[in-house]
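FYI, it's all coordinate maths here, none of it is from the lab. Just so you know, these numbers come straight off a predicted model, no measurement behind them. Every residue, glycine among them, receives a Cβ derived from its backbone with ideal geometry; neighbour counts consider all protein chains shown.
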């Protein structure tokens, strides 16, 4: 299956800072999603973005399908942004997940 | 709230036992996926059903089985449980069988003692 590599694995930010998370794929995908797993374990859909750029409030994402990578931007981070961010891609049915970026935002 | 429901939220059972996890997809979604999240393996795809039929299989053990019923809810059966089966089990749903956004339920946390 598709290999998904996420970086950085861990990130500590002060409230108000900006960050960029990256996701590389070993092969082309036709489905690419970003998720936030909160401290209660819930997986929250952030973006469905097989290509192009999308924005939702302080979050935005860009996928460059031809180069097989995606970026998630978090601006003006808040403590509630803490958790693990996963990207996942698929060339068929199942999503293949990366190992995640663990983000801690401190006051 | 994704619209995908899973029951129970938590399950504690002993080795060798059998459990059933239940999932109801979002209204209108025909496809159901099961994923397992464990500390050592991360998030892994187990199996997918589309409109009652098995569509894709991942790293699902032979001790595990699933089905999707005519009302589109799905059940994941785990038998002869081992300590290593302790994990968070997610169900996801999507409208079609591939290339569509998947929405995840809150998960069932299984602890095998």
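Taking A:42, A:55, A:33 as the candidate residues, the one with maximal mean-square fluctuation in a Gaussian network model of chain A, Cα springs under 10 Å, is A:42. Peptide A:26-34 has a mean shielding of 2, counted as Cβ atoms of other protein chains within 10 Å of each residue's Cβ.
May I ask for the distance between the Cα centers of the range B:66-84 and the range B:34-53, given as a whole number of Å? That distance is 11 Å.
Shape class of chain A from the Cα gyration tensor (axes a ≥ b ≥ c, square roots of the eigenvalues): prolate, since a/c reaches 1.5 or more and a/b is larger than b/c.
What's the ranking of A:80-87, B:89-96, B:16-23, A:8-15 by average number of surrounding C-beta atoms within 10 Å, highest first?
Numbers: A:80-87: 20.9, B:89-96: 22.6, B:16-23: 16.2, A:8-15: 12.9.
Most protected by this proxy first, the peptides run B:89-96, A:80-87, B:16-23, A:8-15.
Peptide A:37-44 is shielded by partner chain Cβ atoms: per residue, an average of 5 of them sit within 10 Å of its Cβ. Under a Gaussian network description of chain B, with springs only between Cα atoms under 10 Å, the residue in B:99, B:31, B:74 that fluctuates furthest is B:99.
Between residue A:79 and residue A:44, full extension at 0.36 nm per residue minus the direct alpha carbon distance yields a gain of 11.0 nm.
Based on Cα contacts under 8 Å between residues 6+ apart, chain B shows a relative contact order of 37 percent.
For chain A, modelled as a GNM whose springs connect Cα atoms under 10 angstrom apart, the maximal fluctuation among A:56, A:30, A:96 occurs at A:56.
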